[in-house]
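Contents: one structure, followed by commentary.
Where a number appears in this text, it was derived from the coordinates with a stated rule and is not lab data. Just so you know, these numbers come straight off a predicted model, no measurement behind them. Here the Cβ positions follow ideal geometry from the backbone for every residue, glycine too, while neighbour counts run over all protein chains shown.
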Amino acid sequence: MRRDYDAAAVVPLIPLTAFFDNPERAAARIAPDGRSLAYLAPADGVMNVWVKATSEDDGRPVTNDRDRGVRSYFWSRDSARILYLQDTGGDENFHVLAVSLDAPGRPARDLTPFPGVKAGVVAVPRETPGEILVSMNLRDPSAFDPYRLRLANGRLTRIAENPGNVIGWLADREGRLRAAYGQTPTGDYEILVRDQEGEPFRRLADFANEDDGHPYAFSPDGAELWVGSARDNDTRRLVAIDCGTGAERTIDGNDDVDLAGLFLRETTGELQGALYVDDRLELHSFDDDLASHWEAVRAIHAGDPGGFSRDAGERVWTVAFDDDRDPGATYLYDRETRAATFLFRPRPWLDPEHLAPMEPVRITSRDGLTLRCYVTRPLDSGPGPHPTVLLVHGGPWARDSWGYHAEAQFLANRGYAVLQVNYRGSTGFGKAFMHAAEHEFAGKMHDDLVDAVGWAVAQGIADPARVGVYGGSYGGYAALVGATFTPDLFAAVVSYVGPSSLVTLVRSFPAYWRPFMESTWFRFVGDPERPADLADMEARSPLNRVDAIRAPLLVIQGANDPRVTRVESEQIVSALRERGVDVEYLVKEDEGHGFVKPENRIDAYRAIERFFARHLGGRREE
């Protein structure tokens, strides 16, 4: 029986803009000299970098982006510049830009001014404050070469040539490019090293595809390389590889989840701890000093600490807490006094009492895998069953984690239970779980989602007649799979930059994806140029099953998306309209793989809000 959402018994309807408009402030970063603090904030409605003295309350904007806004940035090591990456219209051809703080009002300088070229940052070495290392596909569109970039005059010097299979570069603490991470022709991985720049690279270690082998950092003396390895173990552990002999030793690990990152001492580069993400963030500390300060930081706020920045002397930290109901609360932490000074909340207009708790749960799939999931239920609306939205993460090589999730909170506030599933193929849970997804698109990966919905129905959380599915990127593909492979399960379907055909998707990938295709898409999905793979990919493509679609469908697309091109949305929309089936289609001409401009985000979520209210019965703003 349909159970309508009782607006009189719930928390106030939070304006949609409170979730999806620009934050008031975000992403605080302390300058290396410790004298200044930078953060992101709107300037005339567009996100830019602001800088203030640490003793001041308010700063001034130092960047002047008038279009897409600055989304991430970093300090130069001499504290004289702010550097950031920017693309055009979502095309992901990022350029490295810089603004000098001694020349306020001067336009940002494009340090990689090459049309159609994508740049990235390799390293910002402490020992060479006037230089950074960048990568660009300037010489070859399919391969990224590393360059040394002099900040004062923009001079670029190529310091290695990518042979075509290198997917990552690594510098040592002195700023010397000394390691490369490459893919072999069979889709496995290799680590290459050299002792000095100018020398040829030599092979240090090989790793099977499932064993990872990702290099994180050099030891302070450059003699060892710290690497994530699942060799002889299911989960990725931290190992040290001797750069001379190749001998390996295990430093740390977690039997339940993969290594997620390292904590290094800023002043010396010493290894202090390893980070893991299970239901919550965990630190394995190897250093009594870090353990003590981590405990002090943990006491500041109930959320998980993250968003760290530290000055060069490691006296002051910034830390932003990830909390399901109090997003991004940011503090300045003084290591000498152990005192914490509150800086800001990115969205102070959100009342934690009006946000819903995110509950970690574990569900067993039909073939016995443990699926780590999260449930966010609407506040004050009774035990259920609720109209429910299955919110599928993208990637698929990514994961959902505990903490603030704007979409989950928005949907819960509208009266929906929100179910997030770390289906097989999600990262962080060991190699067996990840590789159980090989050739299982629209197969067992979808079964995991179906099993989670069945669990939610059996638990009395979900109303089986009012379950919707929504996701972006792979999540959009999963939504289309839901509409075509299990058409009776979902009452409403939303695909946001979601692929409709695995064949046209893989054939359209940018040239610079080629170096890692064998280890990822070809291994997990298939190569459409191989006849056997082509047939399988066609069979797993929602586009070829449009006749099965019965649920209402909303499709959202960025016109400039280089990952999931406009074709993916338009071909399934066209196929449905040719059948006379009504489908809602929203496309933004100035966006790419995910909407960046707040006005476009708000339009998209307004469409989602209306769509789910119409078909699942939740609340909406009038």
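State the answer as a single residue: which of ILE300, LEU281, ILE241 lies farthest towards the positive end of the charge dipole of the stretch 232-312, with beta carbon charges of +1 for Lys and Arg and -1 for Asp and Glu, about the Cα centre. Result: ILE300, furthest along the dipole toward the positive end. Under 1.5 on a/c is rounded, so check that first for the stretch 193-302, then, if it is not, pick prolate when a/b is larger than b/c and oblate when it is not; a ≥ b ≥ c are the square roots of the alpha carbon gyration tensor eigenvalues. Oblate, since a/c reaches 1.5 and b/c is not below a/b. Helix 288-298 and the longest principal axis of the C-alpha atoms of the chain enclose an angle of approximately 40°. The slack between GLU621 and ARG550, meaning 0.36 nm per residue of separation minus the straight C-alpha distance, is 22.9 nm. Between ARG109 and ASP289, the simple spin-label model (points 7 angstrom out along Cα→Cβ) gives 3.5 nm. Here the relative contact order of the chain, from alpha carbon pairs under 8 Å that lie six or more residues apart, stands at 11 percent. Taking the Cα centre of the chain as reference, the dipole from Cβ charges on Lys and Arg (+1) and Asp and Glu (-1) amounts to some 1180 debye.
Give the order of TYR477, TYR147 when sorted by the count of other beta carbons within 10 angstrom, beginning with the fewest. Display every interim value, and only then the final one.
Numbers: TYR477 31, TYR147 21.
So the residues, fewest neighbours to most, are TYR147, TYR477.
The charge dipole of the stretch 497-566, taken about the Cα centre with unit charges on the Cβ atoms of Lys, Arg (+1) and Asp, Glu (-1), comes to about 200 debye, rounded to the nearest 20. Starting from the eigenvalues of the Cα gyration tensor, five times each then square-rooted, give me the equivalent ellipsoid semi-axes of the stretch 134-214, largest first, whole Å. After diagonalising the Cα gyration tensor, the semi-axes are 24, 15, 10 Å.
Applying 1/(1 + (r/R0)^6) with R0 = 51 Å to the Cβ-Cβ distance of GLU174 and ARG614, what FRET efficiency is obtained, to the nearest 0.05? Let's see the in-between values first.
Values: r = 60 Å, r/R0 = 1.18.
Computed FRET efficiency for GLU174 and ARG614: 0.25.
Based on the alpha-carbon gyration tensor of the stretch 25-124 and its eigenvalue square roots a ≥ b ≥ c, which shape applies: rounded if a/c is under 1.5, prolate if not and a/b is larger than b/c, or oblate?
Values: a/c = 1.97, a/b = 1.46, b/c = 1.35.
In terms of gyration-tensor shape, prolate.
Provide the gained length on full extension for the span THR520 to ALA532, in nm with one decimal, where the gain is 0.36 nm per separating residue minus the Cα-Cα distance. Please report the intermediate quantities before stating the final value.
On the way: separation 12, 0.36 × 12 = 4.32 nm, distance 1.76 nm.
Residue separation times 0.36 nm, minus the Cα-Cα distance, leaves 2.6 nm.
With respect to the chain, whose longest principal axis is taken over its alpha-carbon atoms, helix 474-485 is tilted by about 20°.
May I ask you to sort ILE572, ILE191, ILE602 by Cβ crowding, counting other Cβ atoms within 10 Å and putting the fewest first? It would help to have the intermediate numbers written out before the result.
On the way: ILE572 27, ILE191 24, ILE602 16.
Sorted ascending by nearby Cβ count, the order is ILE602, ILE191, ILE572.
Near VAL503, once Lys and Arg are set to +1 and Asp and Glu to -1 for all other residues with Cβ below 12 Å from its Cβ, the sum equals -3. For the chain, the normalised intensity computed at q = 0.07, 0.09, 0.11 Å⁻¹ comes to -0.45, -0.77, -1.22 (log10 of I(q)/I(0), Debye sum over alpha carbons, equal scatterers, no solvent). Once divided by 2.2 N^0.38 Å, the Cα radius of gyration of the stretch 95-147 becomes 1.28.
Mean residue ellipticity, 222 nm, helices only, the chain: the sum of -39500 (n - 2.57) across DSSP H runs of n ≥ 4, divided by residue count and rounded to 500, is -5000 deg cm²/dmol.
R0 = 41 Å: FRET efficiency of GLN196 with ALA432, Cβ-based, nearest 0.05?
Values: r = 40 Å, r/R0 = 0.97.
The value I calculate is 0.55.
Convex hull volume of the Cα atoms of the stretch 400-521, normalised per residue: 132 Å³.
Note on GLU599/ALA247: beta-carbon distance plugged into 1/(1 + (r/R0)^6) with R0 of 60 Å gives a FRET efficiency of 0.60. Label-to-label distance, ASP380 versus ARG150, with points set 7 angstrom from Cα along the beta-carbon direction: 6.4 nm.
If I stretch the segment between ALA511 and THR157 completely, what's the gain in nm (0.36 nm per residue apart, minus their alpha carbon distance), one decimal?
125.1 nm
Under 12 Å from the Cβ of LEU101, count the other residues' Cβ atoms, weight Lys and Arg +1, Asp and Glu -1, and hand me the total. Once positives and negatives cancel, what remains is +2.
Within the chain, what is the number of lysine pairs with alpha carbons under 29 Å apart, leaving out pairs fewer than eight places apart on the same chain? Mind dumping the intermediate values first?
Working: LYS52/LYS597; LYS118/LYS588; LYS118/LYS597; LYS431/LYS444; LYS588/LYS597.
Counting lysine pairs in the chain gives 5.
Within the stretch 250-290, what residues put their amide N at less than 15 Å from the label point 7 Å along the Cα-to-Cβ vector of HIS214? Only 254, 257-263, 274-278 pass the distance filter. For PHE344, the shell of other residues with beta-carbons less than 11 Å away shows a net charge of 0, using +1 for Lys and Arg and -1 for Asp and Glu.
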